[in-house]
Amino acid sequence: MSEIFPKVALLGIGLIGSSMAHAMRRSGVAGHIAGYSHRLETLEAAQEVGFADSLSIDPAECVRDADLVVLATPVGTFGSLAEKIAEHLKPGAILSDVGSVKTAVIRDVAPHVPEGVHFIPAHPIAGTEQSGPKAGFAELFDGRWCILTPPPGTDAAAVAKLQSFWEALGSQVEVMEAARHDLVLAITSHVPHLIAYNIVGTADDLETVTQSDVIKFSAGGFRDFTRIAASDPTMWRDVFLNNREAVLEVLGRFSEDLSALQRAIRWGDGDALFTLFARTRAIRRSIVDAGQDTAAPNFGRGAKADEKKDQ
Ligand code: NAP
């Protein structure tokens with residue numbers, strides 16, 4: 001694979017930033033990989049792993065002469081970071097991000113983007129519950145979707161370039177409107193995370209069942225929720241604060257459907273329960289058929305690459 005960007009600046013070198021660096025190294029799409037973080041400990045950890053050519057605690061220095069700049073910190077920090085780097089961006093550069101929400105990112109970042117810089121928001125639908133610069137690995141994006149949400153009027157050649165970049169990192173790319181992205185992700189990722197956080201919290205609060213029982217018998221289903229509920233608290237706080245409308249819309253539907261299930265159980269309506277469970281089993285099969293999860297029993301627990309989960 002040949003070089004696409006002579007210099008790529010990663011603002012944020014946690015799970016996603018460091019995985020991008022590993023995948024860039026594997027594919028050779030970046031000449032120089034520069035990394036920024038706001039804490040010395042994180043920079044030292046990144047230095048130890050060695051996925052970047054240069055590291056800095058100063059975002060302006062990190063983006064200097066970069067052809068691609070990627071915001072990879074929690075979504076709530078994007079606006080102030082964009083403001084700090086704006087006047088240091090190279091004319092003709094692409095400014096992108098990996099944030100899990102898109103409408104709010106455009107709202108916060110677009111006002112700071114200087115003339116001549118192409119702003120193309122992106123979201124790789126891949127992750128694990130781990131975080132930090134030591135959690136990254138080159139295969140994270142392999143076979144996973146990356147959604148680009150260029151605002152209307154974005155330069156088509158720049159979009160094509162960013163698409164080639166993500167394909168080189170192993171992703172399949174789809175372009176869609178930011179609002180549609182936010183609704184799709186609310187149902188496929190954000191509300192499932194909220195449900196996991198809630199059920200694990202409820203189990204923790206139950207006074208009639210001891211904590212040791214919950215942990216001992218967790219293989220009954222609970223432990224699969226705990227994996228999602230172990231996801232980074234800062235990142236997920238920012239996701240819910242910044243995708244409020246779409247999450248509340250999906251949550252409204254979810255609550256109605258939950259009430260219907262409650263009623264079916266109360267009235268012994270086995271047909272209603274069976275019909276729903278048969279329908280959902282078919283959805284699981286289509287996810288496996290689409291190559292978005294393993295068909296191996298027990299979610300293929302064991303191999304690192306199989307521990308990827310969509311976000
Ligand atoms: P992460 O592993 O926690 O890394 C976040 C990075 O941002 C770290 O380098 C962290 O440094 C830095 N950071 C935190 N607060 C900051 C601040 N106030 N100012 C500057 N830097 C700050 O998180 P991640 O999973 O890579 O997520 C990064 C982005 O990717 C988020 O926007 C998230 O929505 C998106 N995303 C995540 C996933 C996923 O599954 N994890 C999937 C797709 C997209 P310190 O550790 O030193 O604080």
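The table that follows gives values for the structure above.
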item	result
Top-ranked residue of the range 93-124 - restricted to ones that are in a loop (DSSP other than H, G, I, E, B) and among the small types (Gly, Ala, Ser), ranked as farthest from residue 141 (Cα to Cα)	116
Among residues of the range 243-268, those that are touching a residue at least 24 places away in the same chain (Cβ under 8 Å) and among the aromatic types (Phe, Trp, Tyr), counted	1
Unmet requirement for residue 44, which otherwise passes all of (1) within 13 Å of the ligand (Cβ to nearest atom); (2) part of a helix (DSSP H, G or I); (3) within 26 Å of residue 239 (Cβ to Cβ)	(3)
Which numbered condition residue 16 fails, given (1) aliphatic (A, V, I, L, M); (2) under 24 Å from residue 167 (Cα atoms); (3) open to solvent by less than 20 Å² (accessible area, probe 1.4 Å)	(3)
Selection count, the range 169-202, where residues are open to solvent by 20 Å² or more (accessible area, probe 1.4 Å) and free of Cβ contacts under 8 Å to residues at least 60 places away in the same chain	17
Residues satisfying the stated conditions in the range 43-54, i.e. of a type outside the set (A, V, I, L, M) and open to solvent by less than 20 Å² (accessible area, probe 1.4 Å)	51
Answer from 137, 141 - the residue that is over 14 Å from the mean Cα position of the chain (by Cα) and either in the same structural domain as residue 172 (by TED's automatic domain parsing) or open to solvent by 30 Å² or more (accessible area, probe 1.4 Å) (or both)	137
Test: residue in the range 129-137 that is among the hydroxyl-bearing types (Ser, Thr, Tyr), more than 24 Å from residue 288 (Cβ to Cβ) and touching a residue at least 60 places away in the same chain (Cβ under 8 Å)	yes
Top-ranked residue in the range 3-13 [being assigned to a loop (DSSP other than H, G, I, E, B) and open to solvent by 10 Å² or more (accessible area, probe 1.4 Å); ranked as farthest from residue 90 (Cα to Cα)]	3
Residues located in the range 63-76, provided they are surrounded by fewer than 24 Cβ atoms within 10 Å (Cβ to Cβ) and free of Cβ contacts under 8 Å to residues at least 60 places away in the same chain	64, 65
Checklist (1) open to solvent by 10 Å² or more (accessible area, probe 1.4 Å); (2) within 15 Å of the ligand (Cβ to nearest atom); (3) not charged (D, E, K, R) applied to residue 28, failing item	(2)
Qualifying residues in the range 106-127 (those that are within 15 Å of the ligand (Cβ to nearest atom) and of a type in the set (A, V, I, L, M)) - the one nearest to residue 188 (Cα to Cα)	125
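The values are calculated or read from the model by the stated rules, or taken from the named source; none is laboratory data. Computed from a prediction, not measured in an experiment: that's the story for all the values here. Virtual Cβ from ideal backbone geometry, glycine too; neighbours counted across all protein chains shown. Please note that ligands, DNA and RNA were not included when accessible areas were found on the heavy atoms of the full protein model with its side chains. Shrake-Rupley method; radii C 1.70, N 1.55, O 1.52, S 1.80 Å.
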